[in-house]
Protein chains: 2
Amino acid sequence: MDVEAYLAEARTLVVDEIRTLTPADSRWTGGLYGLVLDYPLRGAKALRPALCIATARMLGAPLDAVVPTAAALELYHNAFLVHDDVEDESLTRRGRPSLPAEHGVPISVNVGDALLGLAMRPLAQNAREIGAGRALGVLEVLAEMALRTAEGQALELGWIRRNAWALGDRDYVHMVWLKTAWYSFLAPMRCGLVVADGQRLQLAVNRTASMLGIAFQLQDDVLNLQERARYGKEVAGDLWEGKRTLILLHALARAHGAERQLALDILAKPRAQKEAAEIDWLLDFVHRHGGLDHAAAAARAHADRAARAFAAVAAAVPDSVHRDFVHGLIGYVATRSW
Amino acid sequence: MDVEAYLAEARTLVVDEIRTLTPADSRWTGGLYGLVLDYPLRGAKALRPALCIATARMLGAPLDAVVPTAAALELYHNAFLVHDDVEDESLTRRGRPSLPAEHGVPISVNVGDALLGLAMRPLAQNAREIGAGRALGVLEVLAEMALRTAEGQALELGWIRRNAWALGDRDYVHMVWLKTAWYSFLAPMRCGLVVADGQRLQLAVNRTASMLGIAFQLQDDVLNLQERARYGKEVAGDLWEGKRTLILLHALARAHGAERQLALDILAKPRAQKEAAEIDWLLDFVHRHGGLDHAAAAARAHADRAARAFAAVAAAVPDSVHRDFVHGLIGYVATRSW
């Protein structure tokens, strides 16, 4: 199964749909729609739409039935990225300056809101493709998604604001389930079920998506500290931003005395007061205490759980390229390099 | 007709509905929902839900059919207020510190997103009250509303960022129609029509709502510079924020030479570099050139146009307290003191 090729095809479909949905700029739009298309056209992986399409199609739904929902998910994802870059003060995104770095906070907050508004369009018109009942079912999933994602962000921002570090693996895993797994895996797969009338598989799909989402974020954290050249974000951005990752929590739980205190002192500083040498020291620190190995192993363990949960789904649907894609993605997520 | 009493009743209904919709905080929500309820409970006027309820009810819809949609509109309004306070760096809101002033930009952006997510809940469950077809019709209005509002914000933020002052009355009126009239008047009244199956009145309602919305914002601008004690926002906040109002554009069009240049020099400064004495000088400046009188007269003229457009709506529906409220509101908007 060529996971990358399936993703690329989903990306083409969804980017076309997003271009069609987006109005052209005029003298009365203040350049809004050029900025709305900025992140979606920056070579995303289209993971969420691909997963939604694959789930619906492995249950027999036609492609046209699921593309509007897939496009809405990708628009939501990009809205979250824009607001996330504001909230985390991220300087780069997909290898280029972030929207707030280039256009400031006010314009970026507004562009994120426009992406959220644009996402409502295919959802409001979805009745044409899947009937009004299922269209509202998709909306219900997305309403829950929006709240879960905001809860995850609130937890993480609260920890950063209160400088909380007395956190266990369970705190991290639950936060990541809310912040990442819900909108990147649970919502796409559950929307696919709604589109294909496959709610009988919901329990097994929930478990698959939850474990896959946690594995994905764990691997993302590892890549953030590991990959320097190929990865699109800034190097060790998580350390600059003071993110509570399993990597850091593991190292802090193993360190003692002055070394541990030095790590906490650096992490307590706001980003602008940190220095590159301090970030390098933190990188050595987490390596020294096996933080990266611990997180990579946890990513593999969660991917294994996802694979076991997905076996129950796979047994209930016919063999297809779409089923193979989800299966392949599970194997891929904990070993990928993007 | 007691406009204030009708507003107060709508407020009670909608605040109750919002309380019911909002989850309780737990150890896994990072205090999100306490902050989500902050602005909605700060004594808002409930203008938008009242207008939506009145429009639906004057066309014969029962109250239960329209309350979820009215609550969604109020949640959107509060989401926009939160993100607006981030974008404008506003320090106060309804007489108290603004959310960003109290909790910072990251948490405020996220609270706004949670309010937007919460607004989707009654919309997704609206089929119970009004059937799936009309529920999706409401969603379509709100999708357009979200984009128009973002377009208006983009226009205004673009003018501020480029320090553009070569703007005419028409630029201001169109920006305000997008930024304020759409979500505060057009969307509430059009949602009311959808709920009550009254789309035959759409042209007259569009005209009423557009003129009323422009009148409302013009009066808002006047109040911002006039009322110091009773008004809930900071004094002359628009001048601190460098907002392009009809008041300022009118004064700048009438001023000359060094005086005009001094005004432009003050307005070009970022908020943190402006001084209170400069804001006082600007207040005298706009008074001297009749800016406030000009805007107040324009507010009355737009309210008159709204009244003429609403006559066509009123002729098509039976006499009721709901029809009287809209009529009363039109008379009220250009003379109000809140």
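Nothing in this text is a laboratory measurement; each read-out follows from the coordinates by a stated rule. Because the structure is a prediction, the values reported are computed rather than measured. Cβ placement follows ideal geometry from the backbone for every residue including glycine, while neighbour counts extend to all protein chains displayed.
Assuming a ≥ b ≥ c are the square roots of the Cα gyration tensor eigenvalues, decide whether segment B:74-169 counts as rounded (a/c under 1.5), prolate (otherwise, with a/b larger than b/c) or oblate.
Oblate shape, in that a/c is at least 1.5 and b/c is the bigger or equal ratio.
Quick one: longest stretch of chain A between exposed loop GluC sites (Glu not before Pro), exposed meaning at most 15 other C-beta atoms within 10 Å and loop per DSSP?
A:1-226
For segment B:272-338 and segment B:182-197, what is the separation of their C-alpha centers, rounded to whole Å?
First find each Cα centre; the distance between them is then 20 Å.
In sequence order, what are the phi-derived ³J(HN,Hα) couplings for segment B:327-338 according to the Karplus relation 6.51 cos²θ - 1.76 cosθ + 1.60 with θ = phi - 60°, rounded to whole Hz, with x for glycine and proline?
Result, rounded to whole Hz: 4, x, 4, 4, x, 7, 4, 7, 10, 5, 10, 10.
List every residue whose amide H lies under 5 Å from the amide H of A:Arg93, counting only residues 5 or more places away in sequence or on a different chain, with H placed 1.01 Å from N in the peptide plane.
A:Ser98
Return one number: the angle in degrees, 0 to 90 and rounded to the nearest 10, between the long axis of the Cα atoms of helix A:127-161 and the longest principal axis of the Cα atoms of chain A.
That works out to roughly 10 degrees.
Go through B:Leu63, B:Leu7, B:Leu193 and say which Cα lies farthest out towards the positive end of the charge dipole of segment B:3-333; charges sit on Cβ, +1 for Lys and Arg, -1 for Asp and Glu.
Farthest along the dipole direction, towards plus: B:Leu193.
³J(HN,Hα) across segment B:289-303 via Karplus (A = 6.51, B = -1.76, C = 1.60, θ = phi - 60°), whole Hz, x for Gly/Pro?
Residue by residue, segment B:289-303 yields 9, x, x, 5, 4, 4, 5, 5, 5, 5, 4, 5, 5, 5, 5 Hz.
Between A:Ala164 and A:Ala301, what length in nm is gained on full extension when 0.36 nm per residue of separation is reduced by their alpha carbon distance?
Gain on extension, A:Ala164 to A:Ala301, equals 46.7 nm.
Along the charge dipole of the protein assembly as shown, which of B:Trp159, A:Ala306, A:Asn126 sits closest to the positive end, that is, farthest toward it, with unit charges on the beta carbon of Lys, Arg, Asp and Glu (+1, +1, -1, -1)?
Positive-most Cα among the choices belongs to A:Asn126.
Between A:Ala301 and the same site in the other copies, what are the distances in nm, shortest first, taking label points 7 Å from Cα along the C-beta direction?
Here A:Ala301 shows inter-copy label distances of 7.2 nm.
From other protein chains only, count the Cβ atoms within 10 Å of every residue's Cβ in A:83-90, then give the mean.
3
Tell me whether the protein assembly as shown comes out rounded, prolate or oblate; compute the Cα gyration tensor, take square roots of the eigenvalues as a ≥ b ≥ c, and use a/c under 1.5 as the rounded threshold.
oblate
Please list, or write none, the aspartates and glutamates whose alpha carbon is within less than 13 Å of the alpha carbon of A:Lys45, excluding same-chain residues fewer than 8 places away.
Once the sequence-local aspartates and glutamates are set aside, what remains near A:Lys45 is A:Glu4, A:Glu9, A:Glu74.
Taking A:Lys274 as the anchor, which aspartates and glutamates have their alpha carbon closer than 19 Å to its alpha carbon, excluding any fewer than eight residues away along the same chain?
Hits, sequence-local ones excluded: A:Asp85, A:Glu87, A:Asp88, A:Glu89, A:Glu234, A:Asp238, A:Glu241, A:Glu259, A:Asp265, A:Asp284.
Taking a point 7 Å out from Cα toward Cβ as the label site, list the nm distances between B:Asp280 and the same residue in every other copy, smallest first.
Ordered by distance, the counterparts are at 5.5 nm.
Taking each residue of B:124-137 in turn, how many C-beta atoms of other protein chains fall within 10 Å of its C-beta, and what is the average?
The per-residue average across the peptide is 4.
For the pair A:Leu223/A:Arg27, report the inter-label distance in nm, with labels modelled 7 Å from Cα in the Cβ direction.
Computed distance between label sites A:Leu223 and A:Arg27 equals 4.5 nm.
Since chains B and A are linked by a rotation, which residue in B has the beta carbon closest to its axis, and how far is it in Å?
So the closest residue, with its distance, comes out as B:Ala132, 2.
Expressed as a rounded percentage, what relative contact order does segment B:208-338 have, with Cα pairs under 8 Å and six or more residues apart?
42
Ordered shortest first, which distances in nm separate the 7 Å Cα→C-beta label point of A:Leu264 from those of the other copies?
With the label placed 7 Å along Cα→Cβ, A:Leu264 yields 5.7 nm.
Charges at C-beta only: +1 for Lys and Arg, -1 for Asp and Glu. How large is the resulting dipole of the protein assembly as shown about its Cα centre, in Debye rounded to 20?
Around 660 debye, computed over the protein assembly as shown.
Between A:Ser320 and A:Ala101, what length comes free when the chain is fully extended (0.36 nm per residue of separation minus the Cα-Cα distance, one decimal in nm)?
In short, 74.5 nm is gained.
If you plug each phi of segment A:8-15 into the Karplus form 6.51 cos²θ - 1.76 cosθ + 1.60 with θ = phi - 60°, what whole-Hz ³J(HN,Hα) values come out, in order, with x for Gly and Pro?
Rounded to whole hertz, the list is 5, 5, 4, 4, 4, 4, 6, 5.
First check a/c for chain B, with a ≥ b ≥ c the square roots of the eigenvalues of its C-alpha gyration tensor; if it is under 1.5, answer rounded, and if not, answer prolate when a/b is larger than b/c or oblate otherwise.
Since a/c reaches 1.5 but b/c is at least a/b, the shape of chain B is classed as oblate.
Looking at segment B:179-281, which trypsin sites (Lys or Arg not before Pro) are in a loop (DSSP not H, G, I, E or B) and have at most 11 other Cβ atoms within 10 Å?
B:Arg228, B:Arg230
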